[in-house]
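Here's the structure, in structure tokens; my notes come after.
The values are calculated or read from the model by the stated rules, or taken from the named source; none is laboratory data. Bear in mind the structure is a predicted one, so any value in this text is a computation, not a measurement. Don't worry about glycine lacking a Cβ; one is built from the backbone with ideal geometry, like all the others, and counts go over all protein chains shown. When the accessible area is computed, the model is the full protein with side chains, heavy atoms only, and any ligands, DNA or RNA have been set aside. Shrake-Rupley method; radii C 1.70, N 1.55, O 1.52, S 1.80 Å.
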Amino acid sequence: MSGSEEWVPSQLTVMNEIRRIAEALGKSTLSQREFDEHHQLSGVSTAGYQFGSWNEAVAAAGLEPVPPG
């Protein structure tokens, strides 16, 4: 990997991190803001891109999607 390339976590890695944080916070859903505040991954700006949206990433992790608003 050259210095200009950035490691991007796999979908499975992102889903596991979403679950880990939600469990640590005792929540059945997780906002992108909460994820951003607590994640231990680099290259996660693509989480929504990898899944299509943040709520799709949350649902893929087995959690409840964040209600709109």
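Considering segment 6-33 alone, what residues qualify as being assigned to a loop (DSSP other than H, G, I, E, B), open to solvent by 50 Å² or more (accessible area, probe 1.4 Å) and farther than 13 Å from Gly62 by Cβ?
Glu6, Trp7, Val8, Ser10, Gly26
Looking at segment 34-43, which of the residues that are part of a loop (DSSP other than H, G, I, E, B) and at pLDDT 85 or above is surrounded by the most Cβ atoms within 10 Å (Cβ to Cβ)?
Taking the candidates together, the pick is His39.
Residues in segment 44-69 that are assigned to a loop (DSSP other than H, G, I, E, B) and either over 14 Å from Glu17 (Cα atoms) or modelled with pLDDT under 90 (or both): how many?
Residues that pass the stated criteria total 8.
Give the number of residues within segment 14-39 that are touching a residue at least 40 places away in the same chain (Cβ under 8 Å) and either under 17 Å from Ser53 (Cβ atoms) or in contact with a Leu (Cβ under 6 Å, 6 or more places away or on another chain) (or both).
Number satisfying all stated conditions: 4.
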